[in-house]
Structures are given as structure tokens and as C-alpha cells.
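A.B. asks: Pasting a structure here, questions to come.
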Amino acid sequence: MPIKPAITAAQPQLVSWRRLWPLPFFLLLLALSCAALWHYWPRILLASIIWQRDLHQQLASILQQVKIHPQQAGISLALFSLIYGVIHAIGPGHGKVVITTYLATHPSRLKQSLRLTFASAMVQGLVAVLLVTLVLGVFQLSSRQLHQSSFWLEKGSFIVVILLGAMFCWRAIRQGIQQLFRLRQPAAPVFRRLHALDKGHIHHGNCGCGHQHLPQDSQLQTGTGWRTQAAVVLAMGLRPCSGAIMVLLFSKVLGVYVWGVLSAVVMALGTALTVSLVGFLVFYSRELAVRLSKDRTPTLWAPLTWSLLAFTGGLILIVAGIMLYQTGVDAGVGVPF
């Protein structure tokens, strides 16, 4: 009987690496996006400030009408505030950088992702209401001190983004090292040899072939605990919305502060809708990449892939946080969410 040549672990491993094209393609898209953002950021920032000032003038005009005709103009104020929040969130801002990076590089469920984006946008609007109420209402300080407080909160949020990125990198390195030790165990090449021998294998969730078809529950919980989610919400929501601060300040001057609070809350709702849509698109883009890789990635390599993505996301947040901190505008001038 002729002896069949032994199948070495190196050959299937080489084939599996060749078939992992979605991962480098996804990382390449992230790198190109970051490079484009770095190059065009100054022009985008300047255009967004000019565009934002035009919207602020429209809001100020509606607030003046609210003082004269509260009921009729109040409905217009609420509708325009909702539209303002939706459009306002389309512009550049660190909140979308944080949430898109986090959702793209960390496994999570759809409901969890949408709750996170919605909560972050609403917290940003509530922070603006709390800041203006304390500075102007409770402590009776000047508008200049209000702008300075907002400016330093913005700087603080950028520092939180940097710390969040550092936390992601450290956690990814630690988990990656642990996974590399697991890959050195003799059980790892056995899965590859069995899968190479079984050409007619049909994949399913519990087939035991050594491939991971979808993220497991343990991976979905990794890096998505309440502390991590609270840090993401803090990084996004600590900086108060500049449009909300403007409308609150102007409504305070006109004596219609309650309408200003209503406008700020509706703005946050509009922002939450847009950011949740961004999170929805990022979630399904990530799911598409996972499904493209589900028959290509052995089970033992899947956690290492998520660690690599988490480390990449951490680096993106560190670079973005440093860039935003260095290019932060002076007090009284904000950037979109």
C-alpha cells in the first residue's frame, strides 16, 4: 500500500494566511482613511466653523421670534433644533472618530452599539445644559468664563480620548500575548490538518472544524464591559455641544432660558440620530468583514485578529486625540460633535 505524504502544519497555515485577505484590506482602508483625515483636517475644520456660524445666526433669529411669539415660534425652534442636530453631527468631530473606531475594532452586538451611540450624543447635550446652568445660573459668572470652561472641558475630552486609546492598546497587547502562548500549544495545528483532509466539510456553528464562523459570546464581552463603555461615553460626551451652548447663552440673555434648554435637548436628539446611523453602518460593515473571514480564520487565530484590530483602533484614538488637542480652537469657537 503506498504511503500518503504527511501533511505538515506549515502548508495549511500558509494557505490560511493567504485567504485572510479581508483583514489586511480592512486595515488598509483604516490607514487610508486616517491619512486622508490628517491631510484634509485643517480645511475641513475651517469650513465647518464657517458653516456652523451660519446655522447659529438662524438659531439666534428664531430665538428672537420665540421671545415675541413663544407658542408659534417655539414649534419652529424645536423643528430647526432637530434638523440642526442632525446636520451638525455630519460635520467633523471627535465623537464620530471615537465611536466608529471603537465599533469597527471591537466585537459588539447591534443593540449594544446603538445604545452606546445614543447615550453618548445625549450626554453631550446634557453636559452643555448643566455647564450653562451652573456657570450662568448658579455661580452668576460671565459668558467669557463660560466659554473658557467649555474650552477646558473640550481639552479634557481630548485627553480622555488619548487615555482611551492607550487603554485599548494595552489590553490588546496583553490579550495578544496570551493568545500567542495558546497558539504554541500542540492542539493548534491539529485543527488545520483535519480541515485540510476533509475537503467535503460543511460548515456550521458547532461543526468543530477549528474555524470561527461568527464572534463568540466571550469575544463579544471582551472590551465591552460597563467600564469601557463608560469611558467611551465620557470621551464623546465630556465636550459640550457648541451649538447647544450658543443657544443656551442667547436664550439666557433674552429671558427664554426654558426654550433654550428644550432646544439643546432636541439638538442632542438629532445628533443622536445621526451618530446612531453612523454606528449602524459601521456595525454592518464590520459584520460583513467578519462574514467574509468566517471560513478563512481558524478558531485559535480569531481572538488574535480581534486583538490586532483593537490595537489598531487604540493607535487611531491616540493619534486623533493628540491631533485634536494640538489643533484645538480658542474658547468660544467649537467644532462639531
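A.B. asks: Out of everything in region 50-75 that is open to solvent by less than 90 Å² (accessible area, probe 1.4 Å) and without any contact (Cβ under 8 Å) to a residue 40 or more places away in the chain, what residue ends up being nearest to His88 (Cα to Cα)?
C.D. replies: Result: Asp54.
A.B. asks: Given (1) aromatic (Phe, Trp, Tyr); (2) surrounded by fewer than 23 Cβ atoms within 10 Å (Cβ to Cβ); (3) within 12 Å of the chain's Cα centre (by Cα), where does Phe139 come up short, assuming only one miss?
C.D. replies: (3)
A.B. asks: Another question, then. Since Ala268 meets every condition but one in (1) modelled with pLDDT of 90 or more; (2) surrounded by fewer than 20 Cβ atoms within 10 Å (Cβ to Cβ); (3) under 21 Å from the mean Cα position of the chain (by Cα), which condition does it not meet?
C.D. replies: In the conditions (1) modelled with pLDDT of 90 or more; (2) surrounded by fewer than 20 Cβ atoms within 10 Å (Cβ to Cβ); (3) under 21 Å from the mean Cα position of the chain (by Cα), Ala268 misses (2) alone.
A.B. asks: Within region 123-166, which residues are within 14 Å of Tyr325 (Cα to Cα) and aromatic (Phe, Trp, Tyr)?
C.D. replies: Answer for region 123-166, where residues must be within 14 Å of Tyr325 (Cα to Cα) and aromatic (Phe, Trp, Tyr): Phe151, Trp152, Phe158.
A.B. asks: In this structure, is Tyr84 over 13 Å from Thr228 (Cα atoms) and either open to solvent by less than 50 Å² (accessible area, probe 1.4 Å) or of a type outside the set (Ser, Thr, Tyr) (or both)?
C.D. replies: Considered against the rule, which asks whether it is over 13 Å from Thr228 (Cα atoms) and either open to solvent by less than 50 Å² (accessible area, probe 1.4 Å) or of a type outside the set (Ser, Thr, Tyr) (or both), Tyr84 comes out as yes.
A.B. asks: Would you point out the residue of region 113-136, among those that are of a type outside the set (A, V, I, L, M) and open to solvent by 40 Å² or more (accessible area, probe 1.4 Å), that is nearest to Leu309 (Cα to Cα)?
C.D. replies: The residue in question is Arg115.
A.B. asks: May I pose another question? Please verify whether region 15-31 includes one or more residues that are aliphatic (A, V, I, L, M) and at pLDDT 80 or above.
C.D. replies: no
A.B. asks: Okay, next question. Ala188 fails exactly one of the following numbered conditions: (1) within 27 Å of Leu317 (Cβ to Cβ); (2) surrounded by 15 or more Cβ atoms within 10 Å (Cβ to Cβ); (3) at pLDDT below 90. What is the number of that condition?
C.D. replies: Looking at each condition in turn, Ala188 falls short on (1).
A.B. asks: Looking at region 32-140, what helices (runs of 4 or more DSSP H) fall wholly within it and have at least 2 residues that are of a type in the set (Gly, Ala, Ser), modelled with pLDDT of 85 or more and under 21 Å from Leu254 (Cα atoms)?
C.D. replies: Qualifying helices (runs of 4 or more DSSP H): 70-88, 110-132.
A.B. asks: Let me ask you something else. Among the residues of region 271-283, how many are more than 16 Å from Ser242 (Cβ to Cβ) and either β-branched (Val, Ile, Thr) or open to solvent by less than 10 Å² (accessible area, probe 1.4 Å) (or both)?
C.D. replies: 4
A.B. asks: Right, something else. Output the number of the condition that Leu300 fails; it satisfies all remaining conditions of (1) within 14 Å of the chain's Cα centre (by Cα); (2) open to solvent by 40 Å² or more (accessible area, probe 1.4 Å); (3) at pLDDT below 80.
C.D. replies: With (1) within 14 Å of the chain's Cα centre (by Cα); (2) open to solvent by 40 Å² or more (accessible area, probe 1.4 Å); (3) at pLDDT below 80 applied to Leu300, the lone miss is (1).
A.B. asks: How many of the residues making up region 84-124 are touching a Pro at 6+ places or on another chain (Cβ under 7 Å) and closer than 26 Å to Phe25 by Cβ?
C.D. replies: The first filter runs over region 84-124 and keeps only residues touching a Pro at 6+ places or on another chain (Cβ under 7 Å), leaving 88-89, 91-93, 107, 124.
If we keep only those that are closer than 26 Å to Phe25 by Cβ too, we end up with 92, 107.
Summing the residues that are touching a Pro at 6+ places or on another chain (Cβ under 7 Å) and closer than 26 Å to Phe25 by Cβ in region 84-124 gives 2.
The values are calculated or read from the model by the stated rules, or taken from the named source; none is laboratory data. Computed from a prediction, not measured in an experiment: that's the story for all the values here. Neighbour counts run over all protein chains shown; Cβ positions are idealised from the backbone, glycine included. Remember, those area values only see protein heavy atoms, side chains included, never the ligands or the DNA or RNA. Shrake-Rupley method; radii C 1.70, N 1.55, O 1.52, S 1.80 Å.
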